[in-house]
Amino acid sequence: MTPTIGVFDSGFGGLTVLRALIQRLPRARFAFLGDTARLPYGSKSRRTIARYAAESAQFLVRKQGAEFLVIACNTASALALDAIQVAVPDIPVLGVIEPGASAARAATRTGDVLVIATDATVQSHAYSAACRALGMRALEKACPLLVPLVEEGWTSHPITAEVIRIYLDELNAEAQAQGLTPDTLVLGCTHYPLLRPLIQSIVPPGIRVIDSAEAAAEAAALLFNGPAQLPQDLAGTPETTVHCFATDSVEKFERLGSRFLGRPVGDVELVDLGG
Ligand code: DGL
């Protein structure tokens, strides 16, 4: 039987990871949960994020039979990976931070990288630690206005472009002040790939933009297609099954989700994980 891969985010952003996963594992069954009722995670405490993430992971494993989990959320990966693993023992869990840092390592020549992410991810300094472990210096910046703009669907709005410009100007000024020579920008939030065209048009030339969603999907595909990880090879004839769940408005999820996923999300089921 085809194993189920559970994919989880606080909202729609993780659909960018799912999209990249489907391209690499077209025969898998996916159960995606967007904890939209409790979004944003990025402005909450570690304790709260850990509780929400653990409950979401348990839903995917216990109720949907997920045998593998991809945490398609940088905030949950940065602050709750341990709590998730405790909540679903014996289930392999893959976060997005390490793959994002590894992709930056492969891209950078100077070894100095910029990271934009949610407040909670930046406060955790998970990217700094992951980059340091790979011999890089990382300068992180919280961009708390970007997730609500993406959730609103304002992915090419002039206001969004202006907000990005302000954040990146501040980040570049700080990099200069610290004597860094960054050549790589990591999108350290799975909502940000939706803003990639705008970001790409604003970053100074010569800066490479790294998408942690793509990097995570690449790592997942390697893991799942690797030796003895799955009972069968999931690469092959496209027969992907995707079942989406949301903890708030399924109408909004169906409307916006298709844009993020690049194909119809199908019927979305409402679930209640408590407060
Ligand atoms: N998509 C989440 C991430 O990658 C952030 C969204 C939120 O703040 O809940 O960090």
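The values are calculated or read from the model by the stated rules, or taken from the named source; none is laboratory data. Predicted model only: the values in this text are computed from it and were never measured. All Cβ positions, even for glycine, are placed from backbone atoms using ideal geometry, and neighbour counts span all protein chains on display.
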* Looking only at region 47-74, which residues are more than 14 Å from residue 33 (Cα to Cα), charged (D, E, K, R) and within 19 Å of the chain's Cα centre (by Cα)? -> 51
* Asked: Residues in region 103-111: is at least one farther than 16 Å from residue 50 by Cβ, out of contact with any Leu (no Cβ under 6 Å at 6 or more places or on another chain) and among the basic types (Lys, Arg)?
  -> yes
* To do: Scan the strands (runs of 3 or more DSSP E) fully inside region 1-77 and keep the ones with 2 or more residues being at positive phi and either of a type in the set (Lys, Arg) or buried (at least 24 other Cβ atoms within 10 Å of the Cβ) (or both).
  => none
* Could you please find all residues in region 81-96 being under 15 Å from residue 7 (Cα atoms) and either within 16 Å of the ligand (Cβ to nearest atom) or out of contact with any helix residue (DSSP H, G or I) (no Cβ under 6 Å at 6 or more places or on another chain) (or both)? => 81, 84, 85, 92, 93, 94, 95, 96
* Do the conditions hold for residue 65, that is, is it of a type in the set (Gly, Ala, Ser), modelled with pLDDT of 95 or more, within 16 Å of the ligand (Cβ to nearest atom) and farther than 19 Å from residue 86 by Cβ? -> no
* helices (runs of 4 or more DSSP H) (entirely within region 100-179) containing at least 3 residues that are closer than 26 Å to residue 246 by Cα -> 119-124, 146-151
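Every residue, every condition in (1) among the β-branched types (Val, Ile, Thr); (2) surrounded by fewer than 24 Cβ atoms within 10 Å (Cβ to Cβ), yes or no:
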{"residue": "160", "(1), (2)": "yes, yes"}
{"residue": "172", "(1), (2)": "no, yes"}
{"residue": "183", "(1), (2)": "no, yes"}
{"residue": "201", "(1), (2)": "no, yes"}
{"residue": "215", "(1), (2)": "no, no"}
{"residue": "225", "(1), (2)": "no, yes"}
* Among (1) surrounded by 14 or more Cβ atoms within 10 Å (Cβ to Cβ); (2) modelled with pLDDT under 95, the one test that residue 275 misses -> (1)
* With respect to residue 190, determine if the residue is within 16 Å of the ligand (Cβ to nearest atom) and at pLDDT below 95. => yes
* Asked: Can you tell me which of 29, 46, 19, 38 is at pLDDT 90 or above and out of contact with any helix residue (DSSP H, G or I) (no Cβ under 9 Å at 6 or more places or on another chain)?
  -> 29
* Residues in region 89-99: is at least one assigned to a helix (DSSP H, G or I) and free of Cβ contacts under 8 Å to residues at least 60 places away in the same chain? -> no
